[in-house]
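In what follows, a single structure is set out as structure tokens and then discussed.
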Amino acid sequence: MAPPASVGGRSWLPGTLMAAPAVLIAAFVVVGGMATALAQSLGLFPLVGPPSLTVAAYAAQAGDLPVGIGLSLAIAAASTVVACLVGFTAALVIVQGRWCGKLVAALGTLTIPVPHIVGAASVSLLLADSGLLSRLFNTGGSWPELVGGPWWIGVVAEYGWKESAFVALVVTGTLATRAVSYDETATLLGAGRLRRLRHILIPLSLPTLTISATIVFVYSLGSYEVAWLLGRVYPEPLPVMALRLFNAATLTARPEAAAVAIVTTILSFGAVATALTYLNRSPLWR
Amino acid sequence: MIGAVTLEGLSKTFPGTGGPVLEDVNLSVDAGTCTALLGPSGAGKSTLLRAIAGLERPDTGRVLVGGRDMAGVRPERRGMAMVQQRPLLFPHLNVLDNVAFAGTVRGIPKRVARADAAGFLELVQLAGFGPRPVVALSGGQAQRVAIARALAARPAVLLLDEPFSALDPELRSVMHDLLAQLRRTLNPTILMVTHDRSEAAAVAERIALFSGGRMLQHDSVELMYSRPSSLEASRLMGGANEIAGTVRKGCHHSALGALRLPDDTTWQPGPGMLLVRQESIEVGPWDGPGLHATVSGLRALGPRRLVRLDAAGVLLRAEVPLGRALAEGDSVRLKIPTSALAVVDDPDTAHTFPGAETRPPITSQGRGTLATADN
């Protein structure tokens, strides 16, 4: 039986038709791409030879995958925390509407269109042991390993800088449209600045922060260029590992690259599912 | 007199606006009273309320609460609470925690704050609503919670910015009763912004009338209607009858003849506009006593009718109850009580009077006498 064209007095048909082109294209790319990668990782879409169901590609990388997963999650988590802290603080400054807020908003807006690869190159030029800051402070070889070091600080700094601008602008939208009136109400109920931050601004921004944090986390988890440029050769984060395997001279490494990509995708889905579960429990989201 | 509010020379101009939003506002509100800030949109009422609350900084002037200058006092420390047109209940908190908010931010243990909040919910007749999410409330219930939340902060001054304007008339009436009950119980000083004359009269005992950022008049509700201080004040209070004439020896002389003015006032001689409320004119049968007039038009006003009358070439308006057999062309007699008359300067003719520069303006000066008598 065909579903009714209206639910609760509202017709769903026009909305569905309007969204259909975007949904179809996104579904083709995402579902099609993932299905191909999954099939390739399971041996069902080999470049040479007959297809056969196998987990050999996953087993081949079993030694490196746990380290790669841990490293990728750590970089993504650290980048997300830095981006959210800096971005939320910037949003608070922007919403104040004073000259410094306007300056921060302008800097944030300018940051958004800069490509990550340019950002990574800039971080390298600034923070590497042969970079501008090292020469400026003339540290004489004692400059810490910020780029290519064991703590992946350059990578986290690049993601934190670039994504904090994204977080700031998204959260500013929420604060400017919703939180100002609530903030004033709380003020007149006797709440000082810190109390308002704790009891009003942070709770009201949490859904927006959660969404933007999820986007930042998934992006940092899945993109390769910053970690590839600013990170160490070993251990490798998952996307760098997938890229290396994909570009390997031996064609049999392609299923292994697909396996690493599928593992990265599962982690991303896990992050999104966790965020949506939290949001569905939030009274602000309902 | 902790909650007495005094405004001295308050002015405020926003950049980019043509003129001042507030212009030299002086107002004194006694503790425990309710004053309505009445005026059309753009009169500066809400800006004034925000300036009192400390959310806007006035360019000049002072706000005193209980005799204490509020300059430099942060809004959260002024002992005020505000309820706005939208309830602005915090969406991440349930009803009880919204009302307990003021206690929570003061550092009171949550259990104590919640118990206190439950009492205020009971006061606004919403006992048992505490665990509900705020999205589950109707408009009227949400506004009650907003009032309970404001009262739970124990404000010396409660600021209401058109709190009932989004509610339907029946619910608005219920909220007026609730406010009266809360005043009897807690007796805070209330300043309420409204553009509704009926609401101002129903809720407050005094009205401060605003137009273009200026305060035109501040009086008891009765005097605001019966003794407007100017033609503009009369029009803003809904007065519909203005009869040009001259004041001589306590009488107003016009095409209607000589009408004796209330003797509680020393009426300045000279040209003056006679004002009489349409509700005060009694329309009687032709063979009765009074001023002769002819009905020239009728318009329904809900349970009453507005009658247009031609009296000796002067257009008058009177309100009569439905059911009166009146038709266009009918001859009637009008009775205009002396106590309902007031005279103000006629801006078109006042300057023509000899010695106009030195003569004080006619501004229904008897209202001061009546106000004293009221008190």
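The values are calculated or read from the model by the stated rules, or taken from the named source; none is laboratory data. Predicted model, so just to flag it, every value in this text is computed and none were measured. Cβ coordinates were reconstructed from backbone atoms using ideal geometry, including for glycine residues, and neighbour counts include every protein chain displayed. Accessible surface areas use protein heavy atoms only, side chains included; no ligands, DNA or RNA. Shrake-Rupley method; radii C 1.70, N 1.55, O 1.52, S 1.80 Å.
Taken about its Cα centre, the range B:1-108 carries a charge dipole of about 260 debye when Lys and Arg each add +1 at the Cβ and Asp and Glu each add -1 at the Cβ. Within straight-line reach of B:Lys249, meaning a Cα separation under 24 Å, sit the following lysines at least 8 residues removed in sequence or on another chain: B:Lys335. Applied to the range B:140-151, the Karplus parametrisation 6.51 cos²θ - 1.76 cosθ + 1.60 on θ = phi - 60° returns per-residue 3J(HN,Hα) values of x, 5, 4, 5, 4, 5, 4, 5, 4, 5, 5, 5 Hz, with x for Gly and Pro.
With a 10 Å cut-off between alpha carbons and a GNM built on chain B, which of B:Val112, B:Val145, B:Val25 moves the most? Checking each option, the largest mean-square fluctuation is seen for B:Val112. Across A:Gly63, A:Gly173, A:Gly231, mean-square fluctuation computed from a Gaussian network of chain A (C-alpha pairs under 10 Å connected) peaks at A:Gly63.
The mean number of partner chain beta-carbon atoms within 10 angstrom of a residue's beta-carbon across peptide A:180-187 is 6. For the pair A:Val48 and A:Thr109, a Förster radius of 41 Å applied to the C-beta separation gives a FRET efficiency near 0.25, rounded to the nearest 0.05. When chain B is treated as a GNM with alpha-carbon contacts under 10 Å, the residue of B:Ala150, B:Ala51, B:Ala327 showing the greatest mean-square fluctuation is B:Ala327. Scalar couplings 3J(HN,Hα) for the range A:32-44, obtained by applying the Karplus form with A = 6.51, B = -1.76, C = 1.60 to θ = phi - 60°, are x, x, 5, 5, 5, 5, 5, 4, 5, 5, 9, x, 8 Hz; x denotes Gly and Pro.
The modelled label-to-label distance for the pair B:Ser28/B:Arg214, using points 7 Å beyond Cα in the direction of Cβ, is 2.2 nm. Annotation: amide H of B:Ser211 within the under-5 Å range of B:Leu216, sequence separation 5 or more or interchain, hydrogens built in the peptide plane.
For the protein assembly as shown, a simple Cβ point-charge model (Lys and Arg +1, Asp and Glu -1, everything else neutral) yields a dipole of about 920 debye relative to the Cα centre.
In this label model, B:Val135 and B:Leu306 are separated by 4.4 nm, measuring between points 7 Å along each Cα→Cβ vector. Each stretch of four or more DSSP H residues adds -39500 (n - 2.57); spread over every residue of the protein assembly as shown, this sum gives -14000 deg cm²/dmol at 222 nm.
Remark: relative contact order (the range B:247-347) = 35 percent; criterion is Cα-Cα distance under 8 angstrom and separation of 6 or more residues. For Cα pairs less than 8 Å apart in space and 6+ apart in sequence, what is the mean separation divided by the residue count of chain B, i.e. the relative contact order in percent? Normalised by residue count, the contact order of chain B is 15 percent. Of the listed residues B:Glu170, A:Glu163, the order by accessible area with a 1.4 Å probe, largest first, is B:Glu170, A:Glu163.
Scanning residues 5 or more positions from B:His292 or on other chains, those with amide H under 5 Å from its amide H are B:Leu334, with H placed 1.01 Å from N in the peptide plane. Per residue of peptide B:93-103, the mean number of Cβ atoms on other chains within 10 Å of the residue Cβ is 2. Between A:Ala77, A:Ala253, A:Leu103, the Cα set farthest toward the positive side of the dipole of the range A:50-281 (charges on each charged residue's Cβ, about the Cα centre) is that of A:Leu103.
In this structure the amide hydrogen of B:Thr189, modeled in the peptide plane, comes within under 5 Å of the amide hydrogens of B:Gly32, B:Leu158, none closer than 5 places in sequence on its chain.
Restriction of the chymotrypsin sites (Phe, Trp or Tyr not before Pro) in the range A:1-105 to DSSP coil positions whose beta-carbon has at most 16 other beta-carbons within 10 angstrom yields A:Trp12.
Note that the range A:81-96 has calculated 3J(HN,Hα) couplings of 4, 4, 4, 5, 5, 5, x, 5, 4, 4, 4, 4, 5, 4, 5, 4 Hz, one per residue in order, obtained from phi through the Karplus relation 6.51 cos²θ - 1.76 cosθ + 1.60 (θ = phi - 60°); glycine and proline are x. For the protein assembly as shown, build the charge dipole from Cβ charges (+1 Lys, Arg; -1 Asp, Glu) around the Cα centre, then report which of A:Ile211, A:Val147, B:Ala117 sits farthest towards its positive end. The Cα lying farthest towards the positive end belongs to B:Ala117.
Extension gain for the segment B:Ile108 to B:Gln125, taken as residue separation times 0.36 nm less the Cα-Cα distance, is 3.7 nm to one decimal. Applying 1/(1 + (r/R0)^6) with R0 = 35 Å to the Cβ-Cβ distance of A:Ala121 and A:Thr89 gives a FRET efficiency near 0.85. Computed with a 1.4 Å probe on the full set of protein chains, the accessible area for B:His92 sits at about 40 Å². A:Leu169 contributes about 60 Å² of solvent-accessible surface, heavy atoms of the protein only, 1.4 Å probe.
In chain B, a dipole from Cβ-located charges (positive for Lys and Arg, negative for Asp and Glu) runs towards its positive end, and of B:Val95, B:Leu171, B:Gln84 it is B:Val95 whose Cα lies farthest in that direction.
Quick check: the distance between the Cα centres of the range B:101-155 and the range A:108-164, to the nearest angstrom? Each part reduced to its Cα centre gives a spacing of 51 Å.
Between B:Glu279 and A:Leu24, what's the calculated FRET efficiency when r is the beta-carbon distance and R0 is 51 Å? Round to 0.05. It comes to 0.15. Between the exposed loop cleavage positions of chain B, defined as trypsin sites (Lys or Arg not before Pro) in a non-H, G, I, E, B DSSP state with at most 16 neighbouring beta-carbon atoms within 10 angstrom, the longest gap is B:107-248. Largest first, the residues A:Tyr234, A:Tyr278, A:Tyr159 sort by 1.4 Å accessible area into A:Tyr234, A:Tyr278, A:Tyr159.
Note on B:74-85: average number of Cβ atoms from other chains within 10 Å of each residue's Cβ is 4. Evaluated with a Cβ-only charge set (Lys, Arg +1; Asp, Glu -1), chain B carries a dipole of roughly 1100 debye about its Cα centre, given to the nearest 20.
Site pair B:Arg68 and B:Asp168 shows an inter-label distance of 4.4 nm when each label is modelled 7 Å from Cα along Cα→Cβ.
A cut-off under 11 angstrom between Cβ atoms defines the neighbours of B:Ala318, and their net charge, with Lys, Arg +1 and Asp, Glu -1, is +4.
Solvent exposure of B:Asp161, expressed as accessible area, is near 20 Å², computed with a probe of 1.4 Å over the protein chains only.
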